[in-house]
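*Asks:* Mind looking over this structure? Questions follow.
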Amino acid sequence: MPVAADPNIFYSRFNRIIAAIFAAVTAMSALSLFLLPTASNRWLVVPALFVMLFVWEMLWRPTLQVDDQAVTIRNPLRTIVVPWAALVHVDTKFALTLYTPGRKFAVYCAPAPGRSLTSAGRRKTTDPVPYLTGAPRPGDLPSSESGEAAHLVRARWDALQRSGRVQGGLAAQTPVSVVWAWGRAGVLLTGAAASIVAILLS
């Protein structure tokens, strides 16, 4: 199951495995390049390090976290905090997506499965998917990453509504926080530019 040790945090185990593989291969490549006798080839260490940083931002860092106040989505280069009072709908058509009045926020670390994974998931599970009627949407299958993440959000949302801690009718007036990571974006852009220069110099 692609759920972290903390049951309130979700991340894509598949993405992190790919990120770890990329990081390991890139680190070995960078070390090999640095040890080469030809000094010009050592410039290629720069793009190797940039690849590691890019993979961390795109594959390792994205997470979804729930608590009693909000759902926090950490997507590449931005963090979105959706208070429960602002949430009006949870969908999994292409990825787990949270809807608020006039806006929607896709969860990068919880994509819906492809056709092959969908067929396999339907064969493996006979459990009904909560909150749905009729045939489950592929993205709601418990064996999929979007389905796991959707269950995490829906279960907490439902519990808070039942306990009266989330009041209805306040969605339109409840703000959603979207913070862009301009610092990390600048580092990535600088790394990309430095990588191009390094490749030209090598």
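The values are calculated or read from the model by the stated rules, or taken from the named source; none is laboratory data. Keep in mind it's a predicted model, so treat the numbers as computed, not measured. Here the Cβ is made from the backbone with ideal geometry for all residues, glycine too, and neighbour counts use every protein chain on show. The protein model used for the area step is the full one, side chains on, heavy atoms only, and it has no ligands, DNA or RNA in it. Shrake-Rupley method; radii C 1.70, N 1.55, O 1.52, S 1.80 Å.
*Asks:* Let me check I've understood the local charge: for R165, count other residues with C-beta under 12 angstrom from its C-beta, Lys and Arg +1, Asp and Glu -1. What total comes out?
*Replies:* Net charge around R165: -1.
*Asks:* Here's a follow-up. I need the calculated FRET efficiency for the pair R162 and I17, taking r as the beta carbon distance and R₀ as 45 Å, to the nearest 0.05.
*Replies:* With a Förster radius of 45 Å, E is 0.80.
*Asks:* What area, in nm² and to one decimal, does the C-alpha convex hull of segment 40-107 cast on average over all directions?
*Replies:* That works out to 5.9 nm², a quarter of the Cα hull's surface.
*Asks:* Could I ask something else about it? Express in Å², to the nearest 10, the accessible area of R16 obtained by rolling a 1.4 Å probe over the protein heavy atoms while all chains stay in place.
*Replies:* About 50 Å², rounded to the nearest 10.
*Asks:* Hey, another quick one. Quick one: which residues, 5 or more positions from A110 or on another chain, have an amide H under 5 Å from its amide H? H modelled 1.01 Å from N in the peptide plane, none for Pro or chain starts.
*Replies:* When sequence neighbours closer than 5 places are left aside, the close amide H contacts are L96.
*Asks:* Cβ under 13 Å from T79's Cβ, T79 left aside: what net charge do those residues give with Lys, Arg +1 and Asp, Glu -1?
*Replies:* Its environment carries a net charge of +3.
*Asks:* Within 14 Å, Cβ to Cβ, of A181, how many net charges do the neighbouring residues add up to if Lys/Arg are +1 and Asp/Glu are -1?
*Replies:* Net local charge, A181 excluded: +3.
*Asks:* When the scattering of segment 139-202 is computed by the Debye formula from its Cα atoms alone, each counted once and equally, what is log10 I(q)/I(0) at q = 0.15, 0.19, 0.20, 0.22 Å⁻¹?
*Replies:* -0.77, -0.88, -0.91, -0.95
*Asks:* At a probe size of 1.4 Å, how large is the accessible area of K104, to the nearest 10 Å²?
*Replies:* Its heavy atoms expose roughly 130 Å² to the probe.
*Asks:* In whole Å, what are the extents of segment 1-115 along the principal axes defined by its C-alpha atoms, from largest to smallest?
*Replies:* 61, 30, 28
*Asks:* With every protein chain kept in the model, how would you rank W84, W180, W157 by accessible area, 1.4 Å probe, largest at the top?
*Replies:* Sorted by accessible area, descending: W180, W157, W84.
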